[in-house]
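*Asks:* Questions regarding the structure given below will be posed in turn.
Each reported figure results from applying straightforward, stated rules to the coordinates on display, with no laboratory input. Predicted model only: the values in this text are computed from it and were never measured. Backbone-built Cβ (ideal geometry, glycine too); neighbour counts: all protein chains shown.
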């Protein structure tokens, strides 16, 4: 290049290194596969979102385009079945024909146009299928499907192998850079590997050399069909977490076979879906399973195998990912939900702006829970996830003065989205800090990730220019000069009207979680919704540190061990929880299971945790009165069998009601405020609903 002022050559000035390059030197290093290079060590792990189903994949294309623009090294799609038998549910996403491959071009073109790479996950569900055409190695029903599968004949097994290979060929035809063969989480291939689910006596069953024949054959034939310059990832179950699961020597044997038999990358799968051990919930420590990938990495190194290994599960910040790689646990990290939460995760790390990442809090409320309810996934902290084409934050054509009252999750979201779009926004709250109910959630053991949510929301207030007014309780008259008023004042505890509830031993959940009031050794909790469970968790831990921050304690609590010590990685003697700090009784008026309204994929974890903490759970009770003796309850419509529950403290968690007196005052003065979150509808404390409402309102103001 030549300067216009001189004929002497002026060399390009070298580009300064990106601010994040030194901070995350392992994470941001390229990975050379020989025939292609992945630009960093971030793999966007496969996650079913519902966008895979149907013929129109344009929304899936928009979703992945944003992640490719955010500098993800390699994206893996949600699972696509290789044939009808492999469907997760009727008419689930399938790739088996050239016509389907043509429809996928919109996805691969979108990702490649943004400078990214993408692989299609081939997922055959086997006996996990939720339809009557399911097939498996043996006729054994899974505990998570009502359908009993057909046992495949030897010819039937061959048909499934051909379907895998055909799917890979069609993926290449569709423009994908590679495929991931789903061989973990208890799906079809895993079912052949396990002696518990494979009862065959032919060439596809019996000893492990026969049981592992299926994935080895799939990879060998697939590699021959797609050629050497196409990425094949094999998802290997490193620890099954089910009784009778694979032993470590079996896992290593298969790992070496797939690494040298066609796979370019070996990805880590953790636990079968039927496992009764949490693997990705908020209460799971960060990078809780990186150690098991590190064990395999040592096995590969000893055998001279250079195939890259990917580690997975609860890696949600660049710092955690960098440390995992620096410690030699793996060659790449897989993150699915963190990239649902923030499409620009990697780009922000590159730019040295990790504090601006919208961190995944592993709540599962809008992602996995939606999938299991046949809804399109989204994300509690990022309602645009999977809705990129409909929830768009366009710059405003006419700037307004907007007042938002209430700095909880709904108010913060409404204020920052409106300000991002160009409105002048003032955010008011009577409290001395932002966050509202999040400030109580963050102190509950196992919910420490809410600190990250609050950190991100604070940076959003700063970056979008919202004018924040704390310690200020506003009246309707104070809002007269605003063009729009959004009331996000949240909820207040419902009055259960129990005789004696003014007794000194009675506290509200706010007293306990926010104000830290003293609580006795014996506690009765009235109300078994989400708040009741949180309070029980908080009180049974007492001063004991949360196991979320202590990996050895967490593993002991759930009975997890080295798969080299026990099949499936489960301690034969079972879980070993620390003794509870208090004796807690959790009660509800409704008959039936306590916590029935908790998250579909996490409710069982909360119930199990409280059982391990010896919490007594009682349903179908009437609250008669509170007195020095404790809490008097009776049962049934006839209020029979009155019984005293001896306790030192009674905590009221009996629901909430909207706090919307300000909205009523505004309406009485002739204004039309917008109500969102708890101020619109109390129900359970539902940040997912509140944030989504807020974002959609602010997007259309």
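*Asks:* Grab the alpha carbons of region 413-567, take their convex hull, and tell me the volume per residue in Å³.
*Replies:* 187 Å³
*Asks:* Among 634, 209, 334, which comes first, then next, by fewest other beta-carbon atoms within 10 Å?
*Replies:* 209, 634, 334
*Asks:* Residue 298 versus residue 550, label points 7 Å from Cα toward the beta carbon: distance in nm?
*Replies:* Once both label points are built, they end up 2.5 nm from each other.
*Asks:* Just the number, please: percent antiparallel of the DSSP beta bridges in the chain, rounded to the nearest 5.
*Replies:* 20 percent
*Asks:* State the dimensionless ratio Rg/Rh of region 417-505 (Rg: radius of gyration of Cα atoms; Rh: Kirkwood radius).
*Replies:* My calculation puts Rg/Rh at 1.07.
*Asks:* Which distance in Å, rounded to a whole number, links the C-alpha centroids of region 505-568 and region 278-330?
*Replies:* Computed from Cα coordinates, the inter-centre distance equals 27 Å.
*Asks:* To the nearest µm²/s, what D does Stokes-Einstein give for region 41-80 at 10 °C and 1.306 mPa s, using the Kirkwood radius over alpha carbon pairs as Rh?
*Replies:* D = 150 µm²/s.
*Asks:* In what sequence do 72, 615 fall when counting other Cβ within 10 Å, fewest first?
*Replies:* Fewest-to-most Cβ neighbours within 10 Å comes out as 615, 72.
*Asks:* Please quote Rg/Rh for region 19-371 to two decimal places, taking the Kirkwood radius as Rh and restricting both calculations to Cα atoms.
*Replies:* 0.94
*Asks:* Quick one: check the C-alpha center-to-center distance for region 242-260 versus region 142-174, whole angstrom.
*Replies:* Each part's Cα centre sits 21 Å from the other's.
*Asks:* Wrap a convex hull around the Cα atoms of region 156-220, take a quarter of its surface area, and give that in square nanometres.
*Replies:* The number I arrive at for region 156-220 is 4.6 nm².
*Asks:* I'd like the orientation of helix 530-541 relative to the chain: the angle between its Cα long axis and the longest Cα principal axis, in ° from 0 to 90, rounded to 10.
*Replies:* 80 degrees
*Asks:* In which sequence would 570, 598 go, from the one with the fewest C-beta neighbours within 10 Å to the one with the most?
*Replies:* 598, 570
*Asks:* To continue, here is another question. Rank-order 425-433, 43-51, 119-127, 405-413 by packing density, defined as the average count of other C-beta atoms within 10 Å over each peptide's residues, highest first.
*Replies:* The packing order, highest mean first, is 405-413, 119-127, 43-51, 425-433.
*Asks:* Can I ask one more? Counting only DSSP beta bridges with both residues in region 19-371, what percent are antiparallel, rounded to the nearest 5?
*Replies:* Around 5 percent of the beta bridges assigned by DSSP in region 19-371 are antiparallel ones.
*Asks:* Here's something else I'd like to know. State whether the chain is rounded, prolate or oblate according to the following rule on the C-alpha gyration tensor (a ≥ b ≥ c being the square roots of its eigenvalues): a/c under 1.5 gives rounded; otherwise a/b larger than b/c gives prolate, and the remaining case gives oblate.
*Replies:* Since a/c reaches 1.5 but b/c is at least a/b, the shape of the chain is classed as oblate.
*Asks:* Using Cα centres only, tell me the gap between region 599-654 and region 394-434 in whole Å.
*Replies:* 40 Å
*Asks:* Continuing with this model, one more query. If you scale each eigenvalue of the Cα gyration tensor by 5 and take the root, what three semi-axes come out for region 296-414, rounded to whole angstrom and sorted largest first?
*Replies:* 36, 18, 13
*Asks:* Using a simple spin-label model with points 7 Å from Cα along the Cα→Cβ vector, what separation in nm is obtained for residue 148 and residue 202?
*Replies:* Each label point lies 7 Å from its Cα, and together they span 2.0 nm.
*Asks:* Next up: Taking the Cα atoms only, what angle lies between the long axis of helix 687-700 and the longest principal axis of the chain, rounded to 10 degrees?
*Replies:* Helix 687-700 sits roughly 90 degrees off the main axis of the chain.
*Asks:* For region 130-244, restrict the atom set to alpha-carbon positions and state the Rg and Dmax in Å.
*Replies:* Rg and Dmax of region 130-244, Cα atoms, are 14.5, 41 Å.
*Asks:* Hey, another quick one. Can you compute the radius of gyration and Dmax for region 139-194, using only the Cα atoms, both in Å?
*Replies:* My reading of the Cα-based Rg and Dmax gives 13.7, 37 Å.
*Asks:* If each DSSP helix of 4+ residues adds -39,500 (n - 2.57) and the sum is divided by the residues in the chain, what number results at 222 nm, nearest 500 deg cm²/dmol?
*Replies:* Theoretical 222 nm ellipticity from helices: -9000 deg cm²/dmol.
*Asks:* What nm distance separates the two modelled labels at residue 502 and residue 25, each placed 7 Å from Cα along Cα→Cβ?
*Replies:* 6.8 nm
*Asks:* Considering region 548-701, what Rg and Dmax in Å follow from its alpha-carbon atoms?
*Replies:* Cα radius of gyration and Dmax of region 548-701 are 22.1, 71 Å respectively.
*Asks:* Once you have the Cα-Cα distance between residue 576 and residue 326, take 0.36 nm times their residue separation minus that, and quote the gain in nm to one decimal.
*Replies:* Result: 86.8 nm gained on full extension.
*Asks:* Another question about this same structure. In terms of the Cα gyration tensor, with a ≥ b ≥ c the square roots of its eigenvalues, is region 109-172 rounded because a/c is under 1.5, prolate because a/b exceeds b/c, or oblate?
*Replies:* oblate
*Asks:* Taking the mean number of other Cβ atoms within 10 Å as a proxy for protection, how do you rank 143-149, 74-80 from highest to lowest?
*Replies:* Ranking, from highest mean packing down: 74-80, 143-149.
*Asks:* Next question. Rounded if a/c is under 1.5, else prolate if a/b is larger than b/c, else oblate: which is region 194-255, with a ≥ b ≥ c the root eigenvalues of its Cα gyration tensor?
*Replies:* Note, shape of region 194-255 comes out oblate.
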